Amino acid sequence: MTSASSEPAARRLAASAPWDAEADDRLVCLAVRDETHDVKTFVLSPREPRRFAYAPGQFLTFSFEIGTDTIHRCYTISSAPTRPNAISFTVKRVPGGPVSNWLHDTLKPGDTVRALGPMGDFSCFTHPAKRYLLLSGGSGVTPMMSMARTFHDLGEARDVAFVHSARSPADIVFRSELETMARLDPAFRFHAVCEADSPDEVWTGPKGRLSLDILREAVPDFLEREVFVCGPGPYMDAVQAMLRHAGFDMARYHYESFDFGALPEAEQEAAAEAGQERDAEAAPAGGVRTFRVEFAKTRRVLECPENETVLDAARKAGIRLPSSCAKGLCGTCKSKLTSGTVAMTHAGGIRQREIDAGMALLCCSKPTSDLVVER
């Protein structure tokens, strides 16, 4: 006889229908796990037994109710699709970050959050190869962990080298699990590079920042591998320049950046405040209609041509709006239209019922009338 305590788990394991965010976007927090002193993993499942289907490296867009605000953030799935009954995402606490601090301090088992996805094309599944090199810095480790866990679970004869950069040994996320995977699977190699020692551990491995010499020592055949890179912007810029200098075939170089799906919150916070800078477009041509756009909460007003998105017009006017991908995918710029209409071409970052309720993605919405935006 199934006990009361094991019955929910048994029901999840017996689930056969896939999770559909359009049908029910609420996910229940099952567990919160400490990975390091400032990194936690949150394990989620649907409210009713469902199975998750996604590619390792994809992300979810979450809507968090924090105080009186709804804040959207993208977090990469750190779990593996080979374990479909639950899903997890891993978050580093960012000083002053409203979402990461709320998650660390508030979200607990039994709570629910809203999510949309999975989304993104940063995945080893879209670039099959016999040999991989996974390069990550800081909390950019999460998509790489999903890929590594997937390869490990499948038991395929894939040659995978994983090189992770951290501030200190105490900051190596998933260290114990990665070292265990490397011990059990001779085709999987894990290398950590630390900038400094921890108070309780002197680092004996490669020290400093990832360099060509360190990479050659750890992975001598890196020029022949399919490479995936994720981490803070400066880290990815440095890795890209290093690989180009080494003569790497950049057609086999894949990075998570533009849609911000895997970036740590520090990057997303910066994007949410200032957005990605773009070259200014030419002034509207003659005959192009211009509409008035009012932001109700801040009482800012701007003029937006009909051939320009509201987000672009706001940036040119010096108005900072939350945004990340700027292509209708992540949902970060989702806003309520109190009045007016737009022409919106999105890439999955908004549900039909939200559109029906008057929501719009400002990054891909062009005005067809005067607008009042609830921001």
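Throughout, read-outs are computed from the coordinates displayed, never taken from laboratory work. Given the structure is predicted, the values throughout are model-derived calculations rather than measurements.
Note that the chain, at 10 °C in a medium of 1.306 mPa s, gets a Stokes-Einstein diffusion coefficient of 72 µm²/s from its Kirkwood radius over C-alpha pairs.
Scanning residues 5 or more positions from A192 or on other chains, those with amide H under 5 Å from its amide H are H164, with H placed 1.01 Å from N in the peptide plane.
Between P206, P118, P95, the GNM of the chain built on Cα springs shorter than 10 angstrom shows P95 fluctuating the most.
Annotation: amide H-H contacts under 5 Å for S79 (H modelled 1.01 Å from N, sequence separation of 5 or more, or interchain): S88. Largest GNM mean-square fluctuation among T290, T82, T298, using the chain with Cα springs under 10 Å: T298.
The phi-based Karplus calculation (6.51 cos²θ - 1.76 cosθ + 1.60; θ = phi - 60°) puts the 3J(HN,Hα) values of the range 333-344 at 8, 4, 9, 8, 8, 6, 7, x, 10, 9, 9, 10 Hz, whole numbers, x for Gly and Pro. Distances longer than 24 Å among the Cα atoms of the range 1-151: what percent of all pairs is that? Result: 33 percent of Cα pairs exceed 24 Å. Per-residue Karplus couplings for the range 308-323, computed as 6.51 cos²θ - 1.76 cosθ + 1.60 with θ equal to phi - 60°, are listed in order as 10, 6, 4, 5, 4, 5, 5, 4, 5, 8, x, 9, 8, 10, x, 6 Hz, Gly and Pro entered as x. Less than 5 angstrom separates the built amide H of M359 from those of L337, all sequence-distant by 5 or more or on a different chain. Along the range 17-27 the Karplus relation, 6.51 cos²θ - 1.76 cosθ + 1.60 evaluated at θ = phi - 60°, assigns HN-Hα couplings of 6, x, 6, 10, 4, 5, 7, 7, 8, 8, 10 Hz to successive residues, with x for each Gly and Pro. The C-alpha atoms of the chain define a longest principal axis, and helix 233-245 lies at about 60 degrees to it.
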